[in-house]
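Visitor: This structure is in structure tokens; I'll ask about it shortly.
What follows is calculated from the coordinates using simple rules that are stated; it is not laboratory data. Everything numeric in this text was worked out from a predicted model, so none of it was measured. All Cβ positions, glycine included, derive from the backbone under ideal geometry; neighbour counts span all protein chains shown.
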Amino acid sequence: MTALPPGEQLELLDKAKNLLPTAELEQRARHILDEYTSLIKPEPPARKEPRLTISNFLRSKGFEPMKRNALAFGTRLAENYRTLHGGYPEKYQRAFVYYESDRPLMEETWQEQEKEAEPVEGHVD
């Protein structure tokens, strides 16, 4: 049996208000709300500067962001960010969030990757 959506669970509790003590109803309602709100991930607080996505940065370099080495760039960028700032950038859903102020770090990371002996897969000449 699957669980009812939170709204329907709360409706059932409302209908049971004459069957259960008020304290128990309140406890169950808090539990439902706690579970529901833990699933909602708020967007990170807005910063005044514009976001800079890895995909847009790579496209500005003539690089197709969907290729395998784009993932390597993102991984290296996150590690460089951690080294510089002592922690990873904030996340929104499953992706790290970068801003225009992070562009110099992206440029530095790009230069590191370009210096490697192997040609970068997906680079558009």
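Visitor: With each pseudo-label sitting 7 Å past Cα toward Cβ, what's the R76-Q27 distance in nm, one decimal?
Guide: 5.6 nm
Visitor: Mind listing the long-range amide H neighbours of L52? Cut-off is under 5 Å, sequence gap 5 or more, other chains count too, H placed in the peptide plane at 1.01 Å from N.
Guide: Correct list: Y98, Y99, E100.
Visitor: Expressed in nm to one decimal, what extension gain is obtained for the pair T83 and F96 from 0.36 nm per residue of sequence separation less their Cα-Cα distance?
Guide: 3.2 nm
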